[in-house]
Amino acid sequence: MSMDGPLNEIGVEEARSTLGRLVDDVTEGDPLLLTKRGKPAAVLMSVAHYQRLLAQFRERREDHLRDALLETKRLLAHSPEGASLIDEAIEALDDPAR
């Protein structure tokens, strides 16, 4: 399942009458672009696909935050108090239970 290429499209009006089949289709295959008056309106996708996208987003967001914190720590190297605060923030990223 990849959203790199163009998505199959269906109009919202047509989708209303075939929603059950469409849900089966996206559960077994790629997401589907729903259009309204010819313009993209929504994407129908399986829960598994959505969960993978959400996990990828969270991982990238955490990586970006970690990089930003490490750069801030580098900039605060002359201030031991600042560097220790950054260390705590990085540890919190690694241990979400904190």
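Only the coordinates and a few stated rules stand behind these numbers; no lab work does. Predicted, not measured: the structure shown is a model, and the values here were computed from it. Here Cβ is always computed from backbone atoms with ideal geometry, including for glycine, and neighbour counts include all displayed protein chains.
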>> Can you give the FRET efficiency to the nearest 0.05 for LEU19 and GLU62, using r as the Cβ-Cβ distance and R₀ = 30 Å?
In response: 0.25
> Counting pairs of alpha carbon atoms under 8 Å apart in space and at least six apart in sequence, what relative contact order in percent does the chain give?
Replying inline: 19 percent
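Past the 14 angstrom mark, what percentage of all C-alpha to C-alpha distances in region 8-61 do you count?
The answer is 56 percent, as a whole percent.
Can you give the extra length, in nm with one decimal, that the chain gains between ALA77 and VAL43 once fully stretched, where that is 0.36 nm per residue apart less the Cα-Cα distance?
Gain on extension, ALA77 to VAL43, equals 7.6 nm.
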>> Among THR72, ALA41, LEU22, which residue has its Cα furthest toward the positive end of the charge dipole of the chain, with +1 on Lys/Arg Cβ and -1 on Asp/Glu Cβ?
In response: ALA41
> Taking region 28-64, which trypsin sites (Lys or Arg not before Pro) meet the DSSP loop condition and have no more than 12 other C-beta atoms within 10 Å?
Replying inline: ARG37
> Once region 5-98 is represented by equal point scatterers at the alpha-carbon sites, with solvent omitted, what log10 I(q)/I(0) does the Debye formula produce at q = 0.10, 0.14, 0.15 Å⁻¹?
Replying inline: -0.50, -0.66, -0.69
